[in-house]
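Enquirer: Mind looking over this structure? Questions follow.
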Amino acid sequence: MNILILGSGGREHAITWKLAQSTRPLKLFVAPGNPGTAALAVNIPVDPGDFEGVRRTIIDHGIGMVVVGPEAPLADGIADYIEDDPALSGVSVIGPRRAGAILEGSKDFAKGFMKRHGIPTASYGTFTAETISDAVTFMKGLKPPYVLKADGLAAGKGVLILNDFDEAVDELKAMLGGRFGAAGSRVVIEEYLRGIEMSAFVITDGRSYRILPEAKDYKRIGEGDTGKNTGGMGAVSPVPFASPEFLTRVEDRIIRPTVEGLKEEGIDYRGFIFFGLMNVEGDPFVIEYNARLGDPETEVILPRIESDFFDLLEGVANRDLESRTVVFSPETAVTIMVVSGGYPDTYAKGFPVTGTERVKESTLFHAGTRSDNGLLVTSGGRVIAVTSTGGSMEEALARSYASVREVSFSGMNYRKDIGFDLKNIRQ
Ligand code: AMP
Ligand code: GLY
């Protein structure tokens, strides 16, 4: 089968890498891809937001399955666009239609969905510019810190956590006043949950689901989880505090009710669901849903899947996921994200990246790189995810850090403490 993977980051490189290991005869295409995917697949210079270009690619290359990496094309309806086109009949999409992607695309929808299905989440209210005074009254009833979330997609920047009441009111006004454009025309205000975060992932064909390995990512730029939020500076899987008892609670209270809830609401969801969770003294709460896999979580989840990943995707396409199995490796996988100096604020691009050929003990998943006349150069904030596996987290981390030290480019930065908070936690 010819498969088209949409996206250009470390997540899409990891998906391509995993599918390239399938024992099935697959031919892989990535749009637009990066120099990492170019080594495993055919890169097609089409942006995932260019639906007409995606359509042409599907037809020109006889694509039978499209795997959608990022959220934006899902929220914009790429699955609807492909599935509703008679000329593309028979093409399967791994990724929900717009009606399912709204779990990520609207925080207000997600909160309402959880409320309807009794799924544990922080208590909340949703407000607009017309109801600012109600929002202020609602906030007065909460204990600080105050959690403000733009309703729509805001590239990971739409959540503010503020200790000071007056500052929270000012920020709320700025959000409703258009700081995040239409994404902020509604704001969810919610109770602050105190605990430790992790993420769970499932793939579903809309009927049944398979749970993928869980992961913890490190979102802040600075060591000790300080400084600005980023797309993710590293990740670890498995998560030491995710005991079998905790994961059973996640499945019983969150995963199964979510998949059942989607069915009950007539949302035919075929794709990945990413559950951002808070472990509050052993009880899981949903912080957010995403309608896709995480980045850099994918770079540690897929290396832990020992069974054929295509088998799961085929289970979604054929709607017989119930008959498919997934086998995890007991090893730990970690990834360290190597980023451009200045990220997540402004940074320069185009610096030559050296030393990648010396890395033998880790897998390099390209994120923000491009090939400049055969020379590998930086082209984004997150440049390369350096993934290793090992019998313990410490062993995997030692491998990844040794590999990171082989790689070099001007201004290169990375967190030296990935996994720092997990070292003394054992199941
Ligand atoms: P989100 O984009 O919804 O994942 O939120 C970004 C980050 O804000 C999360 O990863 C959490 O660290 C934090 N966060 C979001 N909601 C809450 C909450 N209700 N309580 C505590 N932290 C939160
Ligand atoms: N690493 C977080 C995300 O993919 O949303």
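Enquirer: Would you list, by chain and number, the aspartates and glutamates whose Cα falls below 18 Å from the Cα of Lys349, excluding same-chain residues fewer than 8 positions away?
Expert: By straight Cα distance, Lys349 reaches Asp372.
Enquirer: Tell me, what is the 1.4 Å probe accessible area of Lys219, in Å² to the nearest 10?
Expert: Here the residue's solvent-accessible area equals roughly 70 Å².
Enquirer: I've got another one for you. Hey, rough spin-label estimate for Arg56 and Glu245, points 7 angstrom out along Cα→Cβ, what's it come to in nanometres?
Expert: For Arg56 paired with Glu245, the spin-label model returns 5.9 nm.
Enquirer: With all pairs of different alpha carbon atoms counted, what Kirkwood hydrodynamic radius in Å does the stretch 321-398 show? Could you put the intermediate results ahead of the total?
Expert: Values: mean 1/r = 0.0693 Å⁻¹.
This gives a value of 14.4 Å.
Enquirer: Taking the stretch 262-385 on its own, what percent of its Cα-Cα pair distances exceed 18 Å?
Expert: 69 percent
Enquirer: Another question about this same structure. Note the full-extension length gain between Asp421 and Ser208 as 0.36 nm times their separation in residues minus their Cα-Cα distance, in nm to one decimal. Mind showing how you got there, number by number?
Expert: Values: separation 213, 0.36 × 213 = 76.68 nm, distance 3.40 nm.
My answer for the length gained is 73.3 nm.
Enquirer: What is the set of long-range amide H partners of Val30 at a cut-off below 5 Å, with H atoms built 1.01 Å from backbone N?
Expert: Ile5, Val42, Asn43, Ile44
Enquirer: If you don't mind, another one. Using only the C-alpha atoms of the stretch 57-140, find the volume of their convex hull and express it per residue in Å³.
Expert: Numbers: hull volume 11.4 nm³, N = 84.
Hull volume normalised by residue count: 136 Å³.
Enquirer: Looking at the chain, what % of the alpha carbon pairs are farther apart than 43 Å? If you can, show how the numbers build up before the last one.
Expert: Details: 7532 of 90951 pairs.
When all Cα pairs of the chain are counted, 8 percent exceed 43 Å.
Enquirer: Also: Along the Cα→Cβ direction, 7 angstrom out, place labels at Lys228 and Lys173. What is the inter-label distance in nm?
Expert: Label-label distance for Lys228 and Lys173, simple model: 2.5 nm.
Enquirer: Before anything else, pin down the relative contact order of the chain: Cα pairs under 8 Å, at least 6 apart, normalised by residue count, whole percent. Mind dumping the intermediate values first?
Expert: Numbers: 992 pairs, mean separation 69.9, N = 427.
Once divided by the residue count of the chain, the mean separation gives 16 percent.
Enquirer: Once amide H atoms are placed 1.01 Å from N in the peptide plane, what residues at a sequence separation of 5 or more from Tyr146, or on another chain, have their amide H within under 5 Å of its amide H?
Expert: So Tyr146 has HN proximity to Leu162, Asn163.
Enquirer: With label points built 7 Å along Cα→Cβ from the Cα atoms of Asp164 and Ala87, find their separation and express it in nm.
Expert: Taking the two extended label points, one gets 5.7 nm.
Enquirer: Next question, about the same structure. What ranking of Lys140, Lys18 comes out by heavy-atom accessible area, probe 1.4 Å, highest first?
Expert: Numbers: Lys140 140, Lys18 15 Å².
Ranked from most to least accessible, the order is Lys140, Lys18.
Enquirer: How high is the relative contact order of the stretch 275-402, in percent, counting Cα pairs under 8 Å that sit 6 or more residues apart? Walk me through the numbers on the way to the answer.
Expert: Values: 203 pairs, mean separation 29.6, N = 128.
Relative contact order here is 23 percent.
Enquirer: Leaving ligands, DNA and RNA out of it, report the carbon-plus-sulfur percent of the accessible area of the chain at a 1.4 Å probe.
Expert: Result for the chain: 49 percent of the exposed heavy-atom area is carbon or sulfur.
Enquirer: OK, next. What does the net charge come to around Val42 if you take all other residues with beta carbon closer than 12 Å to its beta carbon, with K and R at +1 and D and E at -1? If you can, show how the numbers build up before the last one.
Expert: Numbers: positive: Lys27; negative: Asp60.
In short, 0.
Enquirer: Quick check: residue separation of Phe328 and Lys140 times 0.36 nm, minus the Cα distance between them. What number comes out in nm? It would help to have the intermediate numbers written out before the result.
Expert: On the way: separation 188, 0.36 × 188 = 67.68 nm, distance 4.65 nm.
Gain on extension, Phe328 to Lys140, equals 63.0 nm.
Enquirer: Continuing with this model, one more query. Tell me, what ³J(HN,Hα) does each residue in the stretch 349-360 have, in order and in whole Hz, if you take phi through Karplus 6.51 cos²θ - 1.76 cosθ + 1.60 with θ = phi - 60° and put x for Gly and Pro?
Expert: My calculation for the stretch 349-360 gives 10, x, 7, x, 9, 10, x, 4, 5, 7, 7, 10 Hz in order.
Enquirer: Any idea of the accessible area per residue across the stretch 239-367, 1.4 Å probe, to the nearest Å²? Intermediate values should be presented prior to the final figure.
Expert: Details: 4870 Å² over 129 residues.
Solvent-accessible surface per residue comes out at 38 Å².
Enquirer: Can I ask one more? Suppose R0 equals 41 Å; then what is the FRET efficiency for Gln21 and Ser185 from their Cβ-Cβ distance, rounded to the nearest 0.05?
Expert: Values: r = 44 Å, r/R0 = 1.08.
Efficiency for this residue pair is about 0.40.
Enquirer: Another question about this same structure. Does the stretch 296-339 come out rounded, prolate or oblate by the C-alpha gyration tensor, with a ≥ b ≥ c the root eigenvalues, rounded set by a/c under 1.5 and, if not, prolate when a/b is larger than b/c and oblate if not?
Expert: Working: a/c = 4.43, a/b = 2.01, b/c = 2.20.
It is oblate, given that a/c is not under 1.5 and a/b is not larger than b/c.
Enquirer: Short version: ³J(HN,Hα) in whole Hz for each residue of the stretch 210-222, in order, from phi by Karplus 6.51 cos²θ - 1.76 cosθ + 1.60 (θ = phi - 60°), x for Gly and Pro, what are they?
Expert: 10, 7, 9, x, 7, 8, 10, 10, 10, 8, 7, 6, x
Enquirer: Need the list of lysines near Lys107 for cross-linking: C-alpha distance under 25 angstrom, and skip anything on the same chain fewer than eight residues off.
Expert: Leaving aside lysines fewer than 8 places away in the same chain, those within reach of Lys107 are Lys115, Lys140, Lys143, Lys149, Lys157, Lys173, Lys216, Lys219, Lys228, Lys263.
The values are calculated or read from the model by the stated rules, or taken from the named source; none is laboratory data. All values derive from a computational prediction rather than experimental measurement. For neighbour counting, all protein chains shown are included, and Cβ atoms are generated from backbone atoms with ideal geometry for every residue, glycine included. What goes into the accessible areas is simple: the full protein's heavy atoms, side chains included, and nothing from ligands, DNA or RNA. Shrake-Rupley method; radii C 1.70, N 1.55, O 1.52, S 1.80 Å.
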